[in-house]
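Working notes, structure below.
The values are calculated or read from the model by the stated rules, or taken from the named source; none is laboratory data. Predicted model, so just to flag it, every value in this text is computed and none were measured. Every residue, glycine as well, gets a Cβ built from its backbone with ideal geometry; the counts of neighbours run over all protein chains shown. The protein model used for the area step is the full one, side chains on, heavy atoms only, and it has no ligands, DNA or RNA in it. Shrake-Rupley method; radii C 1.70, N 1.55, O 1.52, S 1.80 Å.
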Amino acid sequence: MRYYISDLHFYHDNLNTRMDVRGFADADAMNRHMIAKWNEKVRENDDVIILGDLSVAGGVLTNEILKELRGRLYL
């Protein structure tokens, strides 16, 4: 399967608390939820094209998220 996605905004606490008011305790809880939902849907051999706005964190933290996501990821 091939998926296309954008605007995940990992680590963007304002989406949780001020903009979308997603209702998580903090950005880490939001990240954990998004990773779990992703991995419920995406299989290891699926292609996922990430079009943009993956994370608001720096490279080290963003790479940690990428390691947890299933699929063959294309940024």
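In µm²/s, what is D for the chain at 37 °C and 0.692 mPa s, where D = kT/(6 pi eta Rh) by Stokes-Einstein and Rh is the Kirkwood radius from Cα pairs?
The Stokes-Einstein estimate is 259 µm²/s.
Apply the Karplus parameterisation 6.51 cos²θ - 1.76 cosθ + 1.60, with θ equal to phi minus 60°, to every residue of segment 21-38 and state each ³J(HN,Hα) to the nearest whole Hz, in sequence, with x for glycine and proline.
3J(HN,Hα) across segment 21-38, in whole Hz: 6, 6, x, 7, 4, 6, 5, 5, 5, 5, 4, 4, 5, 5, 5, 4, 5, 4.
Exactly which trypsin sites (Lys or Arg not before Pro) in segment 1-67 are in a DSSP loop and have at most 11 other Cβ atoms within 10 Å?
Answer by residue number: 43.
Apply the Karplus curve 6.51 cos²θ - 1.76 cosθ + 1.60, θ = phi - 60°, to the phi angles in segment 61-69 and return the couplings in whole Hz, x for Gly and Pro.
5, 5, 5, 5, 5, 4, 5, 8, 8
Take every Cα pair under 8 Å in the chain that's 6+ residues apart, average their separations, divide by the length, and report that relative contact order as a whole percent.
42 percent
Any chance you could tell me what percent of the C-alpha pair distances in segment 4-45 go past 12 Å?
61 percent
For the chain, which whole-number percentage of the solvent-accessible area (1.4 Å probe, protein heavy atoms only) is attributable to carbon and sulfur atoms?
Heavy-atom surface of the chain belonging to carbon and sulfur, 1.4 Å probe: 51 percent.
Please list 3J(HN,Hα) in residue order for segment 44-50, calculated via the Karplus relation 6.51 cos²θ - 1.76 cosθ + 1.60 where θ = phi - 60°; whole Hz, with x for glycine and proline.
Coupling constants for segment 44-50: 4, 9, 6, 8, 10, 9, 9 Hz.
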